[in-house]
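Report on the structure given below.
The values are calculated or read from the model by the stated rules, or taken from the named source; none is laboratory data. Note that this is a predicted model, so its numbers are computed, not measured. We place every Cβ from the backbone using ideal geometry, glycine too, and count neighbours over all the protein chains shown.
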Amino acid sequence: MLELTSVRKNKVVLADYNCRQDIDNRMLMADCSSFDLEVLEEILFNPLKIPLKKLIRSMGCSEEDLHQILKKLSQTGLLSIQDDFIVVDKELRKYFEFQIIRFDPDFKPDMEFLAGLLRKVPIHHLPAWYSIPRTSNNIFESIVEKYLLTPQIFQRYLLDLHFGDSTIHGIISDLFMAPDFKLYSSDVIGKYNLSRSNFEEMMLLLEFNFIGCVSYEKEDDHWIEIITPYYEWHQYLRFLKSTESPRYKLDDGIERTRDSDFAFVEDMSALLSLSLKKPLPLHSWEPGTPLPRKITLDLASHCCLDTGSEKALDFAAHYLAAVIQKLLLIELASTNGQKLGPLDGARAWLGMNQENKALHLYRHNKNRILNCALSPQIATERNIRESERSLKRILHGDWVLFDDFFKGISIALSEHSVLMLKRTGKHWKYSLPVYSDHEKSLVKATIFEWLFETGMVVTGVYRGQDCFAVTPFGRFYFEE
């Protein structure tokens, strides 16, 4: 019998319960015609003792046709024919009542269904299967908390899984790569040359390990067996797919903020080098404000900044002010008598390559986001790191619109934006995060200021909308 063992020490052993009967019953149901299932449903929702003639009338079929179906169902032990009555086994009726809901057009293989599936296993085996305390007050909720509570927890669990059979790994990979994350059982059986019994055994492992679930779709007059992830995870995967940001190339008409990936540290270097020759006058400038017009015009040419229009001049005044303020923050320069001059570490920093300059800026303990609109309560180091983590979805290096990108982030910036599996009544759901305008501003400032300055992203405008892309340096830094 197949087993699953993972790094987390959980161990699903199908032989711990009567899985052979389970497999045989699942094989029988998969082989049922639409009419067979109608007969089964009629039997399940009648008393335990049903007059044979009554069932023939209810189904509108011949006695011979009904007997063929009853003979098939009797092989499971569900029923026997005694005189002119059908006698139904009470325990097996419960089993089939549970299994037949897979054929319901509104069936969702959700957490409630999973909980019912686990109830078919002797309860004393579950703590051993899932490595949870035997003293747990609610075994299912303990399983949810340990393996399913958040997407990050579940993804780590999936990565830790190790099967002795590579075929199961292949099926899992196929499932998560499939359109809408749905496989047809017939395709899986054919691709991996599986016997029906072997297939059902693997499906039990997938179901008991929260990976996928078998259900049925009706097409014309017959049922098609499919495999999907459990409903809640399926919905989350659909959310991720539906919020994938459209990707753009530079030649689509994007106007870059600066041409070089490391433009900001290059401009820091240009002004710092200039100050080594002669202190730079900063008369009438206060940190946190744009540079005065005359100073902007004097310095812009050293950084190859356009000042040919009022819009360009305004950008240069704000941009150069940020460059100077960063030199002050990370103690490469200081102001004395309204003049900018280098400090002791300036020459050593100028001797670094661009990547090391950027890392020095990124890691400096006094560096911070300069955006004065962000409150200290929002712009915490933890929230900035969370905002950085959101880039993992777009490490492809193509350009994306910020507004498109923001629709798909799922980082925890507050209690309202924690994405986790929550129960409401009998139903569970991965609650999608909700962000305030202040939190959105923090994410944008993290990307368009903090990471732009360190050369990890490049920014620009596409058809009037802010856009950005992760640079090769940024991909190297954030890829795990």
- [ ] Please state which of the following conditions PHE98 fails to meet, knowing it meets all the rest: (1) within 19 Å of LEU14 (Cβ to Cβ); (2) part of a loop (DSSP other than H, G, I, E, B); (3) among the hydrophobic types (A, V, I, L, M, F, W, C).
- [x] (2)
TODO: Examine the stretch 425-434 for a residue that is in a helix (DSSP H, G or I) and out of contact with any strand residue (DSSP E or B) (no Cβ under 8 Å at 6 or more places or on another chain), and state whether such a residue exists.
DONE: no
TODO: Would you be able to say whether some residue in the stretch 436-449 is in a loop (DSSP other than H, G, I, E, B) and under 20 Å from the mean Cα position of the chain (by Cα)?
DONE: no
- [ ] Run down TYR184, TYR230, TYR236 and say which single residue is surrounded by fewer than 17 Cβ atoms within 10 Å (Cβ to Cβ) and either closer than 27 Å to PRO151 by Cβ or out of contact with any strand residue (DSSP E or B) (no Cβ under 9 Å at 6 or more places or on another chain) (or both).
- [x] TYR184
TODO: Answer with yes or no whether SER334 is surrounded by fewer than 21 Cβ atoms within 10 Å (Cβ to Cβ), assigned by TED's automatic domain parsing to the domain that holds THR454 and in a helix (DSSP H, G or I).
DONE: no
- [ ] Please work out which one of (1) among the basic types (Lys, Arg); (2) surrounded by fewer than 20 Cβ atoms within 10 Å (Cβ to Cβ); (3) touching a residue at least 24 places away in the same chain (Cβ under 8 Å) is the condition LYS326 fails and give its number.
- [x] (2)
Task: Where a residue in the stretch 209-233 is under 15 Å from TYR184 (Cβ atoms) and its partner, wherever it lies, is at pLDDT 95 or above and among the basic types (Lys, Arg), with Cβ under 7 Å and at least six apart - done: VAL214/ARG102; SER215/ARG102; TYR216/ARG102; ILE226/LYS182; THR228/LYS182
Task: Number of positions in the stretch 435-469 that are under 19 Å from ARG363 (Cα atoms), in contact with a helix residue (DSSP H, G or I) (Cβ under 6 Å, 6 or more places away or on another chain) and of a type in the set (Val, Ile, Thr) - done: 4
Open item on the list: Just to be sure before I move on: is SER197 in the same structural domain as VAL13 (by TED's automatic domain parsing), under 23 Å from HIS222 (Cα atoms), in contact (Cβ under 8 Å) with a residue 60 or more places away in the chain and buried (at least 17 other Cβ atoms within 10 Å of the Cβ) in the structure I sent?
Closed with: no
Open item on the list: Just to check your reading of the model, which residue among ILE378, ILE384, ILE369 is assigned by TED's automatic domain parsing to the domain that holds ALA412, of a type outside the set (D, E, K, R), out of contact with any Gly (no Cβ under 7 Å at 6 or more places or on another chain) and part of a helix (DSSP H, G or I)?
Closed with: ILE384
Task: Conditions (1) closer than 26 Å to ARG26 by Cα; (2) at pLDDT below 95; number of the one not met by LEU205 - done: (2)
Open item on the list: Among (1) buried (at least 17 other Cβ atoms within 10 Å of the Cβ); (2) charged (D, E, K, R); (3) within 17 Å of PHE35 (Cβ to Cβ), there is one condition ARG57 misses while meeting the rest; what is its number?
Closed with: (1)
Open item on the list: Among the residues in the stretch 164-173, are any under 26 Å from ASN198 (Cα atoms), without any contact (Cβ under 8 Å) to a residue 60 or more places away in the chain, of a type in the set (A, V, I, L, M, F, W, C) and crowded, with 16+ Cβ neighbours inside 10 Å?
Closed with: yes
